[in-house]
Amino acid sequence: MPLAVTHVLLTIILIDLYRDYVTKHKRFFSLEIVLIGGVAGLLPDIDIPLGWIMKYFGINIVHGSVTHTPWFALLFLIPAFIFLNRGNRKSATLYFVISFGVFFHIFLDWFLGGGMHEGVMWLYPFSMQAFKLHLTSMIGWKNLPAGIDAILLLGWLWHEEVKHKIKDFI
Ligand SMILES: [Zn+2]
């Protein structure tokens, strides 16, 4: 399964690239929003600590279920469109980014392997059928997640060095 670092880093990198090269509205697409987007990239896995807590109350939460369906991602589009309607572009951007972060987490779990062993219920609640590609187990390379982490971190540092000359600030 993708490690927490992969989820957070990859989401931050994608959002940051989008912010740097596609939308250049940095006034309401703040760095803070990029960071919150990274946290949202881990949000579906909240069912893990929630499962530990709820166990004490006799409630069993299956990791990789409802918080790993597109519905959970779509939920954040509601406040996004409400804020957009009111002309509050900064708050709208925030919720669009959270929605993307959640959706991207589900995609990564489907693609690399994570969540439920059976895969992701893309069509929930219309169908409980689970789908998976799970590249990690497909090629049988158990160290792949750790390798991805290392490559991501180095690649991103290099990008930041080139793009923002971070060396000047150390
Ligand atoms: Zn997950």
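The values are calculated or read from the model by the stated rules, or taken from the named source; none is laboratory data. What you are looking at is a predicted structure, and each value in this text was computed from that prediction instead of being measured. With ideal geometry, Cβ positions are generated from the backbone for all residues, glycine too; neighbour counts draw on all protein chains shown. These area figures cover heavy atoms from the full protein model, side chains too; ligands, DNA and RNA do not enter into them. Shrake-Rupley method; radii C 1.70, N 1.55, O 1.52, S 1.80 Å.
Overview of results
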{"item": "Restricting region 37-65 to residues that are surrounded by fewer than 17 Cβ atoms within 10 Å (Cβ to Cβ) and within 15 Å of the chain's Cα centre (by Cα), the residue that is nearest to GLY101 (Cα to Cα)", "result": "VAL39"}
{"item": "Odd one out for THR93, checked against (1) touching a residue at least 60 places away in the same chain (Cβ under 8 Å); (2) within 15 Å of the chain's Cα centre (by Cα)", "result": "(2)"}
{"item": "Residue in region 151-166 that is among the basic types (Lys, Arg), open to solvent by 40 Å² or more (accessible area, probe 1.4 Å) and more than 23 Å from TYR18 (Cβ to Cβ) present", "result": "no"}
{"item": "Every residue from region 46-60 that is in contact with a helix residue (DSSP H, G or I) (Cβ under 8 Å, 6 or more places away or on another chain) and either away from the ligand (no atom under 12 Å from the Cβ) or basic (Lys, Arg) (or both)", "result": "ASN60"}
{"item": "One residue from LEU10, LEU43 being of a type in the set (A, V, I, L, M), within 16 Å of the ligand (Cβ to nearest atom), closer than 24 Å to PHE126 by Cβ and modelled with pLDDT of 90 or more", "result": "LEU43"}
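Per-residue answers, yes or no, for (1) open to solvent by 40 Å² or more (accessible area, probe 1.4 Å); (2) within 14 Å of the ligand (Cβ to nearest atom):
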residue: LEU108; (1), (2): no, yes
residue: GLY113; (1), (2): no, yes
residue: HIS117; (1), (2): yes, yes
residue: LEU123; (1), (2): yes, no
residue: ALA130; (1), (2): no, yes
residue: TRP141; (1), (2): yes, no
residue: ALA146; (1), (2): yes, no
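For every residue, the table says whether it meets (1) closer than 17 Å to THR6 by Cα; (2) in contact with a strand residue (DSSP E or B) (Cβ under 6 Å, 6 or more places away or on another chain).
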{"position": "ARG89", "(1), (2)": "no, no"}
{"position": "PHE103", "(1), (2)": "yes, no"}
{"position": "GLY113", "(1), (2)": "yes, no"}
{"position": "TRP122", "(1), (2)": "no, yes"}
{"position": "ILE139", "(1), (2)": "no, no"}
{"position": "TRP156", "(1), (2)": "yes, no"}
